[in-house]
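Everything below concerns the one structure shown next.
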């Protein structure tokens with residue numbers, strides 16, 4: 001039986017007041033889960049809460065079986081090293097080249113010799129399709145290329161969970177499809193669990209095993225894309241059919 | 001589970017049996033073993049036996065890729081044996097072939113380097129000239145009420161640049177006035193000419209130090225702030241947004257800041273002149289037994305309106321040096337947050353350098369004019 005890597009138990013998230021309340025969800029090992037919902041529904045905030053950045057206003061976030069926010073920082077860091085996060089605004093360090101950005105977790109957190117680090121970075125950049133941009137600065141590549149670099153950095157330590165906040169937003173369909181394929185490849189090759197925030201239905205159909213629909217301040221539905229598409233819930237129906245139509 | 005390796009030799013073939021996980025903590029050990037084998041000239045083939053390997057992660061795949069390349073380079077071969085499905089899945093992380101390396105560049109020659117630098121300086125000067133021209137033009141349009149700056153912006157900038165700097169400029173001028181008086185008193189006392197401390201403090205504060213110390217403080221506070229603010233706006237495309245709206249960024253952003261500096265710098269300089277003199281007066285009274293009335297009479301007698309005009313005139317020039325440099329470098333920030341940092345640093349360095357150079361030019365011209 002699969003084990004729950006991430007659990008949200010009656011979690012409320014937000015900054016001053018809750019945008020999402022009583023969120024209950026479980027994410028199991030090896031699955032790709034999409035967080036869906038309209039703009040401002042709290043998808044990204046929930047993602048940030050799950051990866052230790054925004055404490056929940058209420059409830060418990062359990063990562064790898066431990067209550068993330070009840071742990072002291074020293075005990076939290078080893079847990080956080082088992083996840084990788086690709087942010088919506090890529091969050092690459094502007095003063096470092098792409099390869100230095102991707103190598104940073106390896107240099108900071110492992111004692112691997114430099115040739116292995118270089119090779120790992122080269123392989124990962126090739127995998128996400130930007131092997132020839134290794135020496136460029138983030139400011140000198142396109143938005144899509146920066147997103148790929150961010151994904152390479154998030155995955156370089158072979159994390160057990162990869163969180164990706166809108167990894168295909170604003171990209172052309174060809175590049176978006178390649179990134180979707182890369183996420184699936186991460187699951188197959190690294191055995192990673194992937195939690196992705198996305199608006200792109202085609203992208204979610206191609207990658208996600210399950211989707212969690214957020215609407216009206218809580219979880220509106222959980223299921224496969226097909227199940228959600230046939231949901232009678234008003235918000236879910238509008239989300240899918242407004243896009244389909 | 002840690003990796004153990006055992007090596008068996010059969011002629012020119014070495015079989016390496018791996019046991020355990022080949023992951024980040026163990027990859028270093030596997031790499032060391034394989035590299036040692038790779039260096040042996042009597043080994044033409046290495047077989048890596050994965051029969052007892054558990055997990056294989058990216059670091060393990062990287063080690064295998066490195067070794068494959070190294071073996072190929074010396075005409076040897078690396079074979080992977082007893083791979084399980086999850087090992088093969090992990091090996092898919094490696095690209096099918098070596099990425100094309102960008103062609104090595106010889107870099108520019110020294111002559112090209114000088115040429116590029118000259119062009120860069122010319123471009124900077126052209127940009128500066130354009131900024132000054134546009135600012136004068138937009139300033140004229142605002143003065144003649146044909147265009148407007150954002151309501152209240154000049155007043156806000158005056159408060160921000162001026163009121164907040166009063167304490168620090170005042171304190172530094174007072175201490176500077178005291179220091180000049182101390183230094184002068186020690187020497188002048190030897191000649192019985194203590195009373196001339198007043199002349200010394202008055203002239204040096206009014207002609208030189210008040211404009212200079214005010215300009216240096218404003219460069220650090222205001223110049224850096226302007227460059228950072230405009231740089232951030234440039235990086236965030238706010239300046240582009242103004243341009244596409246048909247609103248002149250010079251009128252909207254530069255004119256109010258320069259107008260405020262044009263007012264604030266001489267005002268603070270005037271304040272610094274009197275506070276510096278007060279600092280000198282205190283030292284003269286306490287150290288030289290010079291009465292405040294005598295000190296003040298000397299100041300009034302020796303320091304003329306022309307000296308004040310010289311100091312205030314310089315402060316106006318300094319204000320424009322700070323404002324134009326900060327606006328120019330801030331608006332040229334390109335790309336990312338680090339360029340804003342660079343613009344801010346360069347503003348402080350370039351402004352102070354220019355201020356000192358212009359001050360030296362002023363001193364030379366005025367001295368020559370006085371002696372003729």
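The values are calculated or read from the model by the stated rules, or taken from the named source; none is laboratory data. Everything numeric in this text was worked out from a predicted model, so none of it was measured. Don't worry about glycine lacking a Cβ; one is built from the backbone with ideal geometry, like all the others, and counts go over all protein chains shown.
Looking only at helices (runs of 4 or more DSSP H) that fall completely inside the range B:230-304, which ones have 3 or more residues that are buried (at least 17 other Cβ atoms within 10 Å of the Cβ) and touching a helix residue (DSSP H, G or I) at 6+ places or on another chain (Cβ under 9 Å)? Spell out how you get there, then give the answer.
Details: elements: B:238-244, B:255-287, B:292-302.
Because the criterion is at least 3 residues that are buried (at least 17 other Cβ atoms within 10 Å of the Cβ) and touching a helix residue (DSSP H, G or I) at 6+ places or on another chain (Cβ under 9 Å), the helices (runs of 4 or more DSSP H) in the range B:230-304 that meet it are B:255-287, B:292-302.
From (1) farther than 18 Å from residue A:30 by Cα; (2) not in a loop (DSSP other than H, G, I, E, B), pick out the condition that doesn't hold for residue A:170.
Exception for residue A:170: condition (2).
Taking the range B:39-63 as the search range and keeping residues that are within 12 Å of chain A (Cβ to nearest Cβ) and out of contact with any strand residue (DSSP E or B) (no Cβ under 6 Å at 6 or more places or on another chain), which one is surrounded by the fewest Cβ atoms within 10 Å (Cβ to Cβ)?
Among them, the one singled out is B:57.
Out of curiosity, is residue B:79 in contact with a strand residue (DSSP E or B) (Cβ under 7 Å, 6 or more places away or on another chain) and either surrounded by 13 or more Cβ atoms within 10 Å (Cβ to Cβ) or more than 24 Å from residue A:82 (Cβ to Cβ) (or both)?
Working: in contact with a strand residue (DSSP E or B) (Cβ under 7 Å, 6 or more places away or on another chain): yes; either surrounded by 13 or more Cβ atoms within 10 Å (Cβ to Cβ) or more than 24 Å from residue A:82 (Cβ to Cβ) (or both): yes.
So residue B:79 passes the test.
Just a yes or no: is a residue in the range A:201-224 part of a loop (DSSP other than H, G, I, E, B), crowded, with 23+ Cβ neighbours inside 10 Å and either within 14 Å of another protein chain (Cβ to nearest Cβ) or in contact with a strand residue (DSSP E or B) (Cβ under 7 Å, 6 or more places away or on another chain) (or both)?
Yes, there is a match, as at least one residue in the range A:201-224 is part of a loop (DSSP other than H, G, I, E, B), crowded, with 23+ Cβ neighbours inside 10 Å and either within 14 Å of another protein chain (Cβ to nearest Cβ) or in contact with a strand residue (DSSP E or B) (Cβ under 7 Å, 6 or more places away or on another chain) (or both).
Among residues belonging to the range A:169-191 that are free of Cβ contacts under 8 Å to residues at least 40 places away in the same chain and within 14 Å of another protein chain (Cβ to nearest Cβ), point out the one that is nearest to the chain's Cα centre (by Cα).
Result: A:186.
Being crowded, with 21+ Cβ neighbours inside 10 Å and touching a residue at least 24 places away in the same chain (Cβ under 8 Å) is true for just one of A:141, A:121. Which residue is that?
From the options A:141, A:121, the qualifying one is A:121.
Can you name the number of the only condition in (1) at pLDDT below 90; (2) in a helix (DSSP H, G or I); (3) within 27 Å of residue B:143 (Cα to Cα) that residue B:198 fails?
Among (1) at pLDDT below 90; (2) in a helix (DSSP H, G or I); (3) within 27 Å of residue B:143 (Cα to Cα), the lone unmet condition for residue B:198 is (3).
Quickly run through the range A:98-118 and pick out the residues that are more than 8 Å from chain B (Cβ to nearest Cβ) and free of Cβ contacts under 8 Å to residues at least 12 places away in the same chain.
Within the range A:98-118, A:100, A:107, A:108, A:114 qualify.
Checking residue B:206 against (1) surrounded by 20 or more Cβ atoms within 10 Å (Cβ to Cβ); (2) out of contact with any helix residue (DSSP H, G or I) (no Cβ under 8 Å at 6 or more places or on another chain): exactly one of these is not met. Which one?
(2) is the only condition that residue B:206 fails.
Quick one: would you say residue B:90 is buried (at least 16 other Cβ atoms within 10 Å of the Cβ), away from chain A (no Cβ under 14 Å), touching a strand residue (DSSP E or B) at 6+ places or on another chain (Cβ under 7 Å) and modelled with pLDDT under 90?
No, not satisfied.
State whether the residues of the range B:4-12 include one that is more than 14 Å from chain A (Cβ to nearest Cβ) and touching a helix residue (DSSP H, G or I) at 6+ places or on another chain (Cβ under 8 Å).
yes
Condition check ((1) farther than 18 Å from residue A:186 by Cα; (2) surrounded by fewer than 21 Cβ atoms within 10 Å (Cβ to Cβ); (3) touching a helix residue (DSSP H, G or I) at 6+ places or on another chain (Cβ under 7 Å)) across all residues:
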position	(1), (2), (3)
A:67	yes, yes, no
A:93	yes, yes, yes
A:102	no, no, yes
A:106	no, no, yes
A:114	yes, yes, no
A:133	yes, no, yes
A:136	yes, yes, yes
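Which condition number does residue B:322 fail, the rest of (1) in contact with a helix residue (DSSP H, G or I) (Cβ under 9 Å, 6 or more places away or on another chain); (2) surrounded by fewer than 18 Cβ atoms within 10 Å (Cβ to Cβ) being met?
Just one mismatch for residue B:322, condition (2).
Report whether or not residue B:9 is exposed (fewer than 15 other Cβ atoms within 10 Å of the Cβ) and part of a loop (DSSP other than H, G, I, E, B).
no
Go through (1) under 23 Å from residue A:159 (Cα atoms); (2) buried (at least 16 other Cβ atoms within 10 Å of the Cβ) one by one and return the number of the condition residue B:25 breaks.
(2)
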